Amino acid sequence: MSALFSGMRESEQDAISTKYGVGNGRVFATWLRSVNYLRNVCAHHSRLWNRNIVDQPKLPSGNEVPWVAPFVRDTHAQARCFLLLKIARHLLRVINPRSAWPERMKNHLQAFPDLRHLGLNLAGMGAPSEWHNDWS
């Protein structure tokens, strides 16, 4: 899908991306490539939690998509998988607004064991400290 989208005219990309709340189709194309990367990592049972994301998505302005604001200047968060989970949640709100996936993912992340003594926490996957307040 990301390859097909990249081959479209810019005006067509913009028309589709606007339906998802992103005015620039080239930015949206990076989202599709990043979600494809996320899918491949998961499908091949690779390590994801503290992996540096190779194909990082570009971010629209915080005015256009308010939830991206904490990620705009945080290069660590941009390189981790939490941003891709937020993108998937964003896309699902349009594709299937009644999907239970966002709530299931939030519950899964909140069940992360307290492993601070080992240096393991949700910040390692790029989650802002108050991520759960903005998830719903």
In the range 14-33, what residues are surrounded by 20 or more Cβ atoms within 10 Å (Cβ to Cβ) and farther than 18 Å from R89 by Cα?
-> G25
Counted residues in the range 95-123 being of a type in the set (D, E, K, R) and in a loop (DSSP other than H, G, I, E, B) come to 2
Of those in the range 90-102 that are surrounded by 11 or more Cβ atoms within 10 Å (Cβ to Cβ) and in contact (Cβ under 8 Å) with a residue 24 or more places away in the chain, the residue farthest from G21 (Cα to Cα) is P102
Being in a loop (DSSP other than H, G, I, E, B) and either small (G, A, S) or at positive phi (or both) is the filter here, so list the residues in the range 64-94 that pass it.
-> A79
Spot the failing condition for S129; the list is (1) in contact (Cβ under 8 Å) with a residue 40 or more places away in the chain; (2) part of a loop (DSSP other than H, G, I, E, B), and only one is missed.
-> (1)
Identify all residues within the range 5-38 that are in a helix (DSSP H, G or I) and either touching a residue at least 60 places away in the same chain (Cβ under 8 Å) or over 28 Å from N63 (Cα atoms) (or both); write none if there are none.
-> K19, W31
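Computed from the coordinates by the stated procedures, all read-outs in this text should not be read as laboratory data. This structure is a prediction, so every number in the text was calculated from the model and none was measured. Every residue, glycine as well, gets a Cβ built from its backbone with ideal geometry; the counts of neighbours run over all protein chains shown.
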